[in-house]
Every structure is written in C-alpha cells, then in structure tokens.
Amino acid sequence: MRKSWNYEKKQKLVGFSFVVPWIIGFGVFTAFPLFYCLYMALNKVQFVTDHLEMSPLGFANFHKALYEDAEIPNKLMQTFQQSLLIVPLIVVFALIMALMLNSKFPGRAFYRAVFFLPVMLTSGNLIATLTSQGQGSISVLQSGTAAALVAGIGGSLGETLKVVLDNFLVILWYSGVQMLLLIAGMQSINPSTYEAARIDGAGQWEILWTITLPGLMPFLFICVIYTIVDQFTASFNPILEVISHHSVNISTGYGYASAIAWLYFLVILLILGIVILIFRKSLGLTVQRKEKKA
Amino acid sequence: MKKPPFPSLPFFRQGGGQTPLGAFLRRLPLYLILTAFALLYLEPVLYMISMSFKSATDITDATAKWIPHQPTLVSLRYAFEAMNVWPVFLEDRGLWENLMRSNLVVSLLTTFVPALIQVYTCAIAGYAFARLTFPCKRLLFVLLLTSYIIPPQTVFMPLTWVFRSLGVINSPMSFILPALFGAGLKGSLFVIIYMQFFKKLPAQLEEAAYIDGASTYKVFFTVMLPLAKPARVTVFLFSMVWHWNETYLTGLFYTRIGTLATALDAIKLPENDYSMTIMAVKMAAALIFVLPMLVIYLFTQRSFTESIERTGIVE
C-alpha cells in the first residue's frame, strides 16, 4: 500500500514539473498585470510627472461603470448578444469548409493555400487597409435585391438567412483559423475507425455523425473558445474602444478603465463558463468527477 | 486494398471514381462551392498585386482595373525603402545595432524565434494538462483559459512595467522571454491546442514505452512529441503569423526599433512627390509584408495533409 502511495506522489511531482514553467510564466506575465489592474480599478489613478499617484476609492469605479455610465452596460449587453449570434455561425461555416477541404480531390493543395489567406489577412491591420480601399466585401450581397430575396422567404429560415447575410463578411473573414484547426483535428482521427465503420456497413452520414463529429469535439471546443475571444478582442470591439479611450482620459483615468476591463473579463468568463458546460464531456471534466466518487 | 475514406461531407462522396470525367462531375458541387469562396478570398490579394504595379494614370483608368497598362515598380521600390526592409550599415555602430535598424531583421527575430520556442514549451504544458496528474489541475486549467481571454489593451500599463523591469524592452527578447515559459502571444491557446491533441493520441504507445522502463520525460520527448506533428505544424503556423502581424504589443515594447507590421501602418507618401498615389504605395507595402508568410505557408501546408496513418499509430 505504502509503495503505491509513494508512486502516486512521485507521479504528481513529475506532472508538476511539466507545468512549473507555465505557472511561472502565468504568474509574471498574466496574474501580476491582471491583479495590478484590479488594484488600480479600486483606486483613482493619476499621473504625477514620473510616477502614478493612487488614492483608494473602493468600488466607486465599478459603481460608476455599472450605474452611472449608461454606455457601458449597454455595450456589454450588445457584445454579449452579438457573440451569441455570430460564434455558432462562424464555427459551423468553418466546419463545413474544413470537411470539404479535407476530402481528397485534385487541386486541394491550391484551395488550402487560398483558404489560409483569411488567417494571414485578418490577424493584423491588413484587413483594415484593404477594406478602406473597398476590398474584401461582396457587393452582390449588400445590394437591395439580396435583402429583398431573403425577406421574401419569411419564417424562421428567412430570419436565420438574414442574420447570416448581415454578418456574412465577418463569418467569411474570421473563420480561417477555425478551418485550419479543424483540418488538423481531422488528421488525428484514426483512419482504421473509418474502415471498420465502412465494413460494418455504415453510410456516409452515419460516419459523419458517429465518428467524425464526436472525434472533432475537442477541436470544436478550441474553435468556439478561439472565436469568442477573437470576436471579443477584435480591435473593432466597442468595449475595447471605450477602455482605450478612458485609459488616456485624464478626468476619468486608468483606474476607471481598469474597472471596465474587469467587468469585461467577467462577461467573457460567463460566456466561457457556458461553453465549458456544453463541452464538458470532451474536456473529460465530468468523467474525472465520476472517477473520484467511485 | 481500398483506401479508407477521409472524413468529409457525405454529399461529396469520394473514391469509387470510374472515369476521370465521372469523378470530376461527381465532385462538381464541391469545386463550385470551394471556387466561389476561393475567389472571395483571392480578390483582395489580386487587387493588392495589381495595385502595386499600377502607375498613377492606371489608377484612374477604369479599363486598367486588373491589368495595369503601364506597369511600374515605383511604388514597390518606394515601399521597400520606406519600410526599412534592408539594414543600412553605419560604420560607427555595432553589428547588432545595425541589424536592429532593419525592420525585416527585427520582424524575423520577433516571429521565428518565439514561434519555434512556443512549439516546444507549449507542448510541455499541454501534455501535462492532457495526460499527467498534478495538484490543483482543474484550477490551473481554468486559469489557463482565463489567461487566454485577457485582451492586452486592458492591462497594458502593468504589462509594460513588468517588461521594463525585466529589461527586455526594445529587443526581440520581449517576445522570446514569455515564449520560454509557454506564455507570450496567444501562448495559452497553443497549450489548449496541444492539450486536445495529446488527449486524442491512443495510450498504447505510451504504455509500451512505460513497460520498457522509460521515464515520463523520455516518453514525452521521444514518443508523444514526435507523434503530435499536426499540432506542431498548426501551432508553428499560427504563432508565426500572429507574431508577424502583431502591432499592439510591438507598439508597447518597441519604441526605438520597429517591425514590418508597424512600418506598414505608418507608411506615407513622400512630400511634394506626385508621381505615386497612396493607394498604390499602401498595397505595395502590404504585398511586401504578406509575401514571406505566404511562401512559408506554401512549404508547410503539405504537413497538414499528412494523415496520422504515416505517424505510425495503428490500433
């Protein structure tokens, strides 16, 4: 008995040695700035020639952001709703595209090279330069005829199509990373599983639903997380604009900006919590719990 | 023997092609859809290329929309100069200082060194989260996710202090140092990517190595890490592109040196020079900026198509 306990302890130590560098990095480059930011949120921060002067305010900054500044809760709500809408659309689009790009056909190297372009163009300011010269948009979709056509469909299908149409550019340009992730994920599904399924007489749809999609779940999780964060931290996000504006504004100051930033984290955390709940199976979190109880 | 089908949409059935024409017709919907989207993605790039070669008269000429009538290298040449691509060697400075004057050198150092480091350091942490046990694992996983969602815009002030007190401002070290700890630009995302990949690898190979008496470290470096090739390629490509394109953090950390990305943002027309237009110059600069990444992607994308068959896992 004693020996096995020792073994377990040793294994934990070995495991810990693998994460120690990450923990140090997290402490220095993430936790410290984050908590310093919280400290500043509880203070009034003022620049005095060469240093910052802090005067404790308590929760006044948070109170102000939530109750006095009508703009902030509004924009937080807006971002929340927008992401609920756009994230599933982007992930589904990326999934369909990845499935298509992963099938074997002559010329797929060319298509894969082309589908890398959105990754390259949207992660920096390049897309802004391009759109300022009228590129990257689809004039057909923005014309009245397309809108009228969709409006004619009516019902919930029409509603969905309208949402897709309105956000088509975002879906088109911000799904490149997800496509590559899913293509890479498909390489990790064991081909012999497919063979076995085929021998058992499974149809193509059955294979998609019972092997490909469950096998892709861990990667769909990354895609969802990535999409949420990408949408939330994109430079066009209204909240970040507000934060940047206040952090250089002398009358409100960096403390106030930090308070908004913290409220913003809490909203993203809330959404992440929902996502983890949805994907808890593929993350192995529930299985672990069961094992512990048993 | 029949090849196993690739995971794909059932609508586009593969294999079983009788004649080449039959196979092509069967794939026609696939080609149509992919080509439609490919054109949407290609259009801005073609525009960028065509614009870079346009002379001032071509820009207002509607008949020269795609192919310039009087192609010129003026914009490209000017953009190359203005972006400080090549190092200009001054005799009274050291070699390092001279190299740092080139935006291309700074960009390359800020891109490839951290990307290569992240491929390994993030793999180590990702493997621990996927396969090993350690205290507070679940709490640390939540912290991992949390660290990914923090936009640098919100913590820029304390972040700059940390980097300044570490003395890595104005040097590519400001990206290399965090990468060494599996942190750095989107480091947490890479850890998560590795985590999900390692979870999917079958346990048999690991077990076989343990039975042979290998230590956890040995199993990781000689068995698991080589098997995670799709993950390594993915992480390297993303890390490379994101470092290359980064402007916010480089804006914070680099005050005396610059990267191509910041130079691209700042490009302007020379004063009192009417031979060029800002649109053409911007596109020429963008072309110079994108080209290295595209070339590297064309060489690495082959690894994406490599299926796990070739990595030797057979159950």
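The values are calculated or read from the model by the stated rules, or taken from the named source; none is laboratory data. Worth saying up front: this structure is predicted, and the values here are computed from it rather than measured. FYI the Cβ positions are ideal-geometry reconstructions off the backbone, even for glycines, and counts take in every protein chain you see.
Does B:Pro29 satisfy the condition of being away from chain A (no Cβ under 14 Å), on the phi < 0 side of the Ramachandran plot and not hydrophobic (A, V, I, L, M, F, W, C)?
Details: away from chain A (no Cβ under 14 Å): no; on the phi < 0 side of the Ramachandran plot: yes; not hydrophobic (A, V, I, L, M, F, W, C): yes.
No; evaluated as a whole, the condition is false for this residue.
Does B:Asn98 satisfy the criteria of being part of a helix (DSSP H, G or I), modelled with pLDDT under 85 and either away from chain A (no Cβ under 11 Å) or farther than 30 Å from B:Trp242 by Cα (or both)? Explain how you work it out, then say what you get.
Numbers: part of a helix (DSSP H, G or I): yes; modelled with pLDDT under 85: yes; either away from chain A (no Cβ under 11 Å) or farther than 30 Å from B:Trp242 by Cα (or both): yes.
It is true that B:Asn98 is part of a helix (DSSP H, G or I), modelled with pLDDT under 85 and either away from chain A (no Cβ under 11 Å) or farther than 30 Å from B:Trp242 by Cα (or both).
Residue pairs whose Cβ atoms lie under 8 Å apart, separated by 6 or more positions or on different chains, with the first residue in the range B:207-231 and in contact (Cβ under 8 Å) with a residue 12 or more places away in the chain and of a type in the set (Gly, Ala, Ser) and the second outside any loop (DSSP other than H, G, I, E, B) and surrounded by fewer than 20 Cβ atoms within 10 Å (Cβ to Cβ), are B:Ala209/B:Lys218; B:Ala209/B:Thr222; B:Ala209/B:Val223.
No other residue among B:Val191, B:Val233 is modelled with pLDDT of 90 or more, of a type in the set (A, V, I, L, M, F, W, C) and under 22 Å from the mean Cα position of the chain (by Cα) apart from B:Val191. Residues in the range A:65-92 that are more than 15 Å from the chain's Cα centre (by Cα) and either within 14 Å of chain B (Cβ to nearest Cβ) or within 27 Å of B:Phe24 (Cα to Cα) (or both): A:Ala65, A:Ile72, A:Leu76. The sole residue among B:Pro114, B:Pro151 that is touching a residue at least 12 places away in the same chain (Cβ under 8 Å), closer than 28 Å to B:Thr255 by Cα and crowded, with 17+ Cβ neighbours inside 10 Å is B:Pro114.
Just to be sure before I move on: is A:Thr193 among the hydroxyl-bearing types (Ser, Thr, Tyr) and modelled with pLDDT under 85 in the structure I sent? Reasoning before the result, please.
Numbers: among the hydroxyl-bearing types (Ser, Thr, Tyr): yes; modelled with pLDDT under 85: yes.
So A:Thr193 passes the test.
When B:Tyr127, B:Tyr120 are checked against the criterion of being within 30 Å of A:Tyr7 (Cβ to Cβ), within 14 Å of chain A (Cβ to nearest Cβ) and surrounded by fewer than 19 Cβ atoms within 10 Å (Cβ to Cβ), B:Tyr120 stands alone in meeting it.
With respect to A:Tyr256, is the statement that it is facing chain B (nearest Cβ under 10 Å) and either out of contact with any strand residue (DSSP E or B) (no Cβ under 8 Å at 6 or more places or on another chain) or at pLDDT below 85 (or both) true? Full working, then the answer.
Working: facing chain B (nearest Cβ under 10 Å): no; either out of contact with any strand residue (DSSP E or B) (no Cβ under 8 Å at 6 or more places or on another chain) or at pLDDT below 85 (or both): yes.
Against the criterion (facing chain B (nearest Cβ under 10 Å) and either out of contact with any strand residue (DSSP E or B) (no Cβ under 8 Å at 6 or more places or on another chain) or at pLDDT below 85 (or both)), A:Tyr256 does not qualify.
The residues in the range B:197-252 that are over 28 Å from B:Leu109 (Cα atoms), of a type in the set (Gly, Ala, Ser) and buried (at least 17 other Cβ atoms within 10 Å of the Cβ) can be counted, and the count is 1.
Quick one: which residue in A:Ile207, A:Ile225, A:Ile189 is within 10 Å of chain B (Cβ to nearest Cβ), crowded, with 18+ Cβ neighbours inside 10 Å, in a helix (DSSP H, G or I) and over 16 Å from the mean Cα position of the chain (by Cα)? Explain how you work it out, then say what you get.
Numbers: A:Ile225 fails: over 16 Å from the mean Cα position of the chain (by Cα); A:Ile189 fails: in a helix (DSSP H, G or I).
When all the criteria are applied, what remains is A:Ile207.
One residue stands out among those in the range B:51-69 that are more than 11 Å from every other protein chain (Cβ to nearest Cβ) and assigned to a helix (DSSP H, G or I): the one that is surrounded by the fewest Cβ atoms within 10 Å (Cβ to Cβ), which is B:Ala62. Just checking, does the range B:70-85 include any residue being among the β-branched types (Val, Ile, Thr), surrounded by fewer than 18 Cβ atoms within 10 Å (Cβ to Cβ) and in a loop (DSSP other than H, G, I, E, B)? Checking the range B:70-85: not a single residue is among the β-branched types (Val, Ile, Thr), surrounded by fewer than 18 Cβ atoms within 10 Å (Cβ to Cβ) and in a loop (DSSP other than H, G, I, E, B). Summed over the range B:25-49, the residues that are part of a helix (DSSP H, G or I), over 26 Å from the mean Cα position of the chain (by Cα), touching a residue at least 12 places away in the same chain (Cβ under 8 Å) and crowded, with 16+ Cβ neighbours inside 10 Å give a count of 2. Counting only helices (runs of 4 or more DSSP H) that sit completely within the range B:143-258, those holding 2 or more residues that are more than 8 Å from every other protein chain (Cβ to nearest Cβ) and more than 30 Å from B:Ser102 (Cβ to Cβ) correspond to B:187-200, B:204-211.
Being within 25 Å of B:Pro44 (Cα to Cα) and at pLDDT below 70 holds for only one residue in A:Leu172, A:Leu141, A:Leu117, A:Leu165, and it is A:Leu141. Flag set for B:Ile169, criterion: of a type in the set (Val, Ile, Thr) and either surrounded by fewer than 21 Cβ atoms within 10 Å (Cβ to Cβ) or farther than 22 Å from A:Ser258 by Cβ (or both). For first residues located in the range B:273-285 and closer than 15 Å to B:Thr57 by Cβ and within 14 Å of chain A (Cβ to nearest Cβ), partners that are surrounded by 12 or more Cβ atoms within 10 Å (Cβ to Cβ) and charged (D, E, K, R) and lie 6+ apart or on another chain with Cβ distances below 7 Å form the pairs B:Ala280/B:Lys54.
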